Amino acid sequence: MKLFALTPLVGGLLTVTSWQVLAAEGLPFGHRLEVYRSQADGVAVFALRLEQPFLAEEFEKSNYLRLRATDDKAYLIYPKETKFQQKHAEFYGRLRGEGKTKIRLSYEIVSENIDGSRRVETRSGDVDVEIPKLPEGVKNVGSRRIFSDWARQQNVYFAELLKYYPEETFYQYCLLQSRARYGVDPPPIPRAKPESFSLETGLYQVMTGSIAIQESLQHQRLSSSSGIGDLNRHISTLSPPALKSLPYKELLEKKRTEENIEPMVHEMSRLVPDDQYFAHFNSVHALRDMLELSEKWGGNLLRLFTVRAQDERLRAKLEDQLCLRLDALTKLFADDVIDEIGVTGADHFVQEGADVTVLLKVKQREAFDLAAQAWLEAARKRHPGIVERAFNYRGHQVAVYYTKDRTVSVFVVKHQDYVVYSNSHRSIRRLVDTTSGLAPALHDALDYRYTTAIFPPSLADEAGYIFASEAFIKRMVGPTAKISEKRRRECFNNLVMLNNASLFYRLEYDRSPQSLSELIEKRFVDPTKIICPHGGAYAIDEENDTCTCSAHNRLRYLTPNVELSLLKVSAAEAAEYERYKQRYAAFWQKAFDPIAVRITTGRRVKLETCVLPLANGSFYRELRSKLAKTPQPLSTARIAPSAVVSMVMVPGRENVAALLGSVPGVTETLRADPTLTDMKWLGDRVGLHYCDGETILQIDPTELQAMKLPLVGKVPVETQAAVAAGLMAINLPVYVTVEVENPKSAARLLKQLTQQVFLQRDQVMPGLTSNIDAYRLPDYKQHAVYVLSGRIYAVKLRMHVALVGDQLVAATKPETLREVIDAAALEQPAPAAPAHVLLRLSRRGLDRMWDDLQLFWAEKARVSCHRNIISVYNFCKLYDVPADEVARLSEAKYGVRYFCPDGGVYRFDPDQSQVACSVHGNREHSRQHPPTGGKSYFAQFMEEFEEITAALRFTDDALIATVEIKRSE
């Protein structure tokens, strides 16, 4: 049966298409094939339209229809599967090459077996497609509507994928570029367009990475026509935030004359400019331990909050770039070839690319030079294109080794006993200027000298010292550094967008573009939307298949800010910076300046931070006023073994009395006994402890963010955290401790309280009453145990209370109270260090909630793993490579490598055309099997430590924050 139709062609030509029933080829329904080819668009497209026979009952029960290519001449076929809708179905696809191709249509028939069970048969048939030629003088064959319909189907498919993978920027780019490329508006993108205020705040935040805001920047850039505007305002017209300095000269003199204390500055600091950070380590082993700790712990904690499993390979990048090897340096230190090591730089944005300078104090120059030559030879083998140069600068010879892509970029200079390696020519010049006395050195900075006087470095081999000077912080928040880094992040986004455009091009043409002109000419890129704010020119590096900028270089190796000149800004940039200053004044100016960190590595890792208060910092004064003047020893020895999280603080007797007085019934009891009213029997310390238990309700602290609720208004994160703590107190065993100095008075209070509040009733509001009750339980190990309970309507809370030594203890569970009593009977260690606040996390307390905690982390790991699936899939499909070759491509396109947090391996299945993780599967077939080896990465991470404590201590000079990690044996 044939149904003929006439289809007009461009230019007045006609072609004959037909409805055909191809029963012989296994297609018992009509189909019509239409094609379009355009010289201007450079595309060929087909449309396959299907129609059910009117009297074919078996098709009333037919399921999915699927169309696939039999060779590479047909591709990008959409939809991937469909059903008949009102007896019609359609497929669209792209064509390439010349001649003919076959496309295979499969369909399912559902019928019944003899026994009445359901039977599904899959049948298929081939359809011949003749790829149209363009007759001489004819620019188009067929209707362009076919191309537009194909583009809409592709957009629908990409939008559906974004529902599963909303973080995938490639599909977002394809959709947002659809109108420019195809003339077709995209469907709504699942993730809403970011607010301009949130995006601006992210661009100027200190700790926000470029990757974190790239998706939002891309959405904003492609959805609007706004640019930075004309650069018509000189940077000197912008003023930095008003920062007042402490009188360091007077404070230093006071330390010398009154306390006979002298600064303990590092001799190496003579080489460091005063407005750079400086990290000094007494041994390479200490630096290595610190790096490994930051990689393992910092990476895990960061992954917990960002839910990302992407590796920038920072250490490997810097080792290659500087032609240094940390393992080799460790051996040189052990062989007494080098003595000290230091690191300095102008900013901390090392993930994207920053200037990093390594300073080595050498004791045996010949041995060191021999080792350095070996490192250089190894670098030459890895990078055959290394260029070697040398130049003189202020009497110092500088050796230079670099590649054009900056994967190797090292400037080496020798000064006295020091050998300096830097990845920036500007940084090495600044260092030489400093050693020559032409620029101020950190060694002479008053804030550095004062800080080392009140917070001296340790002389132990396993120790380090990090210092961020006031000059460094002032420069980092100044207009030049802020706007320069903001522009780098915008260029980072542009480079990712161009790489997305390159992948988009490859999707259609099965090859990467050879030049940026190809992307522009075929409308994969709108050049008016991708403009380097620093005036750089974009290009494509064919050899490495990545996009570059003449000003900012490329992903992973962005040009350091110290090398970027910034003279003029736009009016929009000036307004943004003024708004940043307002935010800084409202929050960051309540922070501290400068900052020093003293590091001790080993089995007990200790990080002590000294922060000097700003002269106009109200936050310091506010926090200080809520705590007692004198710190107290805060020991963890008497804490119940099941306590997982504990917080002990020293608010002072007045604040403790106010807290105790807020307990129902206590005020009435105090009034009845004048000897208790003055509260002098109370101490200064209180504690709150969350213990191990089985959880029903889980609260994810990483999801807390400022929100606005109906009838309530804005709810800040601090308020949400307080509510979360209250909910967890209901969910887990909790106990509170209050220090007492006169145990007899505390015992009398408990006894009288049980008599005073016996079945006391009050009316909270009309129709709602409260009831307070108290009674005594049998003693436990010669400790009187009481129960205080409160009920509002049908909700009741019961606390088990006892006087344990010099503490009043109130626990939600009787077994928890008994644990505290047992712990108090143990032999007490030496007095603890004094502090005002102590926070402790104990892994040893984890038992019943260990499985829940592992599950919580496993879910985070699975989600972060699944985020990578679609990106790995795209590279496998677009480049026709196995999953283990994706790392090289992903670093070139996005600057990261994808990995599974639990050690899974990504594999691409060409038959199923999908990527799955060996541990977590994918989002279509999600699973959380036990990891290989029986222990998750989280379990291995947690088992590496026994206890973590964090303490705050105010002194007359500064605030000292100490984090101590006790590693497992």
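Details
- Filtered residue count, segment 105-149, keeping only those that are under 20 Å from ARG32 (Cα atoms) and of a type in the set (Ser, Thr, Tyr): 5
- When segment 705-756 is limited to residues that are acidic (Asp, Glu) and open to solvent by 60 Å² or more (accessible area, probe 1.4 Å), the one that is modelled with the lowest pLDDT turns out to be GLU718.
- Residues (within 13 Å of VAL915 (Cβ to Cβ) and touching a His at 6+ places or on another chain (Cβ under 7 Å)) located in segment 862-881: CYS865, HIS866
- Of all residues in segment 546-555, one or more are among the charged types (D, E, K, R) and surrounded by 17 or more Cβ atoms within 10 Å (Cβ to Cβ).
- Each residue in segment 902-926 was checked for being aliphatic (A, V, I, L, M) and either in a loop (DSSP other than H, G, I, E, B) or at pLDDT below 90 (or both), and 2 of them qualify.
- Output for segment 874-897, where each listed residue is open to solvent by 40 Å² or more (accessible area, probe 1.4 Å) and outside any loop (DSSP other than H, G, I, E, B): LYS877, ASP884, GLU885, ARG888, ARG897
- Candidates SER422, SER469, SER458 - the one that is open to solvent by less than 10 Å² (accessible area, probe 1.4 Å), in contact (Cβ under 8 Å) with a residue 60 or more places away in the chain, under 23 Å from VAL362 (Cβ atoms) and in contact with a strand residue (DSSP E or B) (Cβ under 7 Å, 6 or more places away or on another chain): SER422
- Looking across segment 613-646 at every residue that is in contact with a Pro (Cβ under 9 Å, 6 or more places away or on another chain) and of a type in the set (Lys, Arg), the one that is modelled with the highest pLDDT is identified as LYS626.
- Restricting attention to segment 107-139, the residues that are of a type outside the set (A, V, I, L, M), closer than 21 Å to PHE91 by Cα and in contact (Cβ under 8 Å) with a residue 40 or more places away in the chain add up to 8.
- Highlighted here are the helices (runs of 4 or more DSSP H) found entirely within segment 309-382 that include at least 3 residues which are under 30 Å from the mean Cα position of the chain (by Cα): 314-322.
- Meets criteria (of a type in the set (D, E, K, R), touching a residue at least 60 places away in the same chain (Cβ under 8 Å) and not in a helix (DSSP H, G or I)) for ARG862: no
- Top-ranked residue in segment 939-969 [being part of a loop (DSSP other than H, G, I, E, B) and surrounded by 15 or more Cβ atoms within 10 Å (Cβ to Cβ); ranked as modelled with the lowest pLDDT]: ASP957
- Subset of segment 534-554 that is charged (D, E, K, R) and in contact (Cβ under 8 Å) with a residue 24 or more places away in the chain - its residue that is farthest from SER517 (Cα to Cα): ARG554
- Any strands (runs of 3 or more DSSP E) falling wholly within segment 68-128 and containing at least 2 residues that are open to solvent by less than 80 Å² (accessible area, probe 1.4 Å), more than 23 Å from ALA159 (Cβ to Cβ) and of a type in the set (Gly, Ala, Ser): 100-112
- Within segment 307-327, the residues that satisfy the criterion of being open to solvent by 30 Å² or more (accessible area, probe 1.4 Å) and not acidic (Asp, Glu) are ARG308, GLN310, ARG313, LEU314, ARG315, ALA316, LEU318, ARG325.
- Single residue of segment 185-237 satisfying the filter (of a type in the set (Val, Ile, Thr) and closer than 21 Å to GLU168 by Cα) that is modelled with the highest pLDDT: ILE189
- Subset of segment 445-490 (residues that are charged (D, E, K, R) and more than 26 Å from ALA286 (Cα to Cα)): LYS474, ARG475, LYS482, GLU485, LYS486, ARG487, ARG488, ARG489, GLU490
- Residues in segment 807-844 that are basic (Lys, Arg) and closer than 15 Å to ALA950 by Cα: ARG840, ARG843.
- Helices (runs of 4 or more DSSP H) contained entirely in segment 410-480, each with at least 3 residues that are modelled with pLDDT of 95 or more and farther than 25 Å from ASP593 by Cβ: 425-435
- The condition (being basic (Lys, Arg), open to solvent by 30 Å² or more (accessible area, probe 1.4 Å) and free of Cβ contacts under 8 Å to residues at least 12 places away in the same chain) is satisfied by just one residue among ARG511, ARG579, ARG523: ARG511.
- Residues (open to solvent by 80 Å² or more (accessible area, probe 1.4 Å) and in contact with a Cys (Cβ under 8 Å, 6 or more places away or on another chain)) located in segment 386-419: none
- So VAL184, is it in contact (Cβ under 8 Å) with a residue 24 or more places away in the chain and under 30 Å from LYS361 (Cβ atoms): no
- Segments classed as strands (runs of 3 or more DSSP E), wholly inside segment 779-830, with at least 3 members that are of a type in the set (Gly, Ala, Ser) and under 24 Å from LEU659 (Cα atoms): 783-792
- Tally, over segment 161-206, of residues that are touching a Pro at 6+ places or on another chain (Cβ under 9 Å) and either loosely packed, with under 14 Cβ neighbours inside 10 Å or among the charged types (D, E, K, R) (or both): 3
- The numbered conditions (1) touching a residue at least 60 places away in the same chain (Cβ under 8 Å); (2) among the hydroxyl-bearing types (Ser, Thr, Tyr); (3) open to solvent by less than 30 Å² (accessible area, probe 1.4 Å) are all true for SER789 except (1).
- Picking from residues in segment 256-289 that are open to solvent by less than 30 Å² (accessible area, probe 1.4 Å) and in a loop (DSSP other than H, G, I, E, B), the one that is nearest to ALA441 (Cα to Cα) is VAL272.
- A count restricted to segment 106-160 and to residues that are at pLDDT below 85 and in contact with a Pro (Cβ under 7 Å, 6 or more places away or on another chain) stands at 0.
- Scanning segment 155-202 for residues that are closer than 30 Å to GLU578 by Cα and not in a helix (DSSP H, G or I) yields a count of 5.
- Residues of segment 803-819 classified as of a type in the set (Asp, Glu) and more than 21 Å from GLN752 (Cα to Cα), total: 2
- Top-ranked residue in segment 352-385 [being surrounded by fewer than 17 Cβ atoms within 10 Å (Cβ to Cβ) and polar (S, T, N, Q); ranked as nearest to ALA460 (Cα to Cα)]: GLN364
The values are calculated or read from the model by the stated rules, or taken from the named source; none is laboratory data. Just so we're clear, the structure is a prediction, and the values are computed from it rather than from any experiment. In this analysis, Cβ positions are derived from the backbone assuming ideal geometry, glycine residues included, and neighbour counts consider all displayed protein chains. Accessible surface areas use protein heavy atoms only, side chains included; no ligands, DNA or RNA. Shrake-Rupley method; radii C 1.70, N 1.55, O 1.52, S 1.80 Å.
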